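The structure appears below as structure tokens.
Every number in this text was worked out from the coordinates using simple rules, so none of it is lab data. A quick note: this is a predicted structure, and the numbers were derived from the prediction, not measured. For neighbour counting, all protein chains shown are included, and Cβ atoms are generated from backbone atoms with ideal geometry for every residue, glycine included.
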Amino acid sequence: MKLKASIRKYIFRFLVIAIMVGTLLYFFLTLDVKGSFSLYKTAVFYLLILALLFMIISAIVKAYRFYILIKPSSPDLKFVKFLIPYFVGYGFSVLGPFKTGEIASVEINKRSLDVPRSSSLAALAFFRIVDMFVVLVFFIIALGVTVPEIINYIEQKSALLQVQSSFYYIKQKISIWEFLSSGLTGNIQLAIQIVFYIAIVGTVILTFILFFPPVGRLVLRIIVKITGKISTKGKTWLENKVVTALDDYYNSLKLLYTKKMIATMVVVTTVFRWILEFYSLKFTLMAFGGNISLVNAASVTSITLLVGLLTFVPAGLGTGTITTQTLFKGLSISPIVAGATIIFQTLIGTGLTLSTAAISSIFLKEKKTEVIGEEKELSLENSE
């Protein structure tokens, strides 16, 4: 059994790495690398600095959100002291699939700050759910505003292609993008409308399940009963894993509902953090001569994040770059500008996170060494 579990684990890791490497290779092979990097010479420097500053502030706001949730269980904990172990865990999230870095931060908080694991897990569960809820709202906005804009662009390209092909049928070179887009827009629009309404209904249901415990428990009981008629093993798994986890989450939620100020601050910091991310993307595009509305920037970010989560790829690397590249193309942004923007946002952002984590880990180790040293000194004094 252990061998099978180990094999499954390594196969999963291999698939995640394969998806990440494959999509990154595709991105760079289809990218005009020379053209994109040449834009850095003419880029508006202060806008890039502003975009980078917004990335850093966003990371600090995200850290503060975690801090205010675990503060009640550790009243003496200071924010500056909390930042070092947080950034180490944050670095893991770039390297590990499906937010494994956040799980690592639970153990780091316990060992370096003596924060109870239950407090860290409850905090993670709450703000991760709030995060996903906000992203889903922006995703619905994307389906209603940005995606139709992309469809209109495809329709215009298709109409132009049909006119051109009537005159240059043999000489005209048709790209894969143009070929796939021609004649398919009607079906795509229908599919988008279906997904749009499903997303709205799903978000409303999810809201009741996640934030109203009686409704959530009722829905889960119904799911368990239906699953039990199909599979006994599935019913057992739901009762042992999902029901228990949801009960823990609802207990944490109940505590947070009694502390309305904390819950409000979490929601406010979540929205503020995402607005910073959207502006960072907008400023980066502007620095390279492109432009995008704040709504479209929110749409691109939310869709990219959801694709990254669905593929389990670390921080959306690979699948995130391809998704962003495709969306930018649909928004009629130059491929060269899009490439330069993605390189800055993804690679610079990832590099910043990893370097911060690496520097923080040095101080984390020093702190542990100091504690051990102090313990040795105390034991020597006692023995004397």
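Here the spin labels are modelled as points 7 Å beyond Cα on the Cα-Cβ line, and at residue 271 and residue 355 they lie 3.4 nm apart. The slack between residue 259 and residue 73, meaning 0.36 nm per residue of separation minus the straight C-alpha distance, is 65.7 nm.
With R₀ fixed at 22 Å, the C-beta to C-beta distance from residue 40 to residue 291 puts the FRET efficiency at about 0.75. In this structure, the pairs whose alpha-carbon distance is over 19 Å, taken from 78/254; 41/329; 71/259; 110/260; 81/110; 71/254, are 78/254; 41/329; 110/260.
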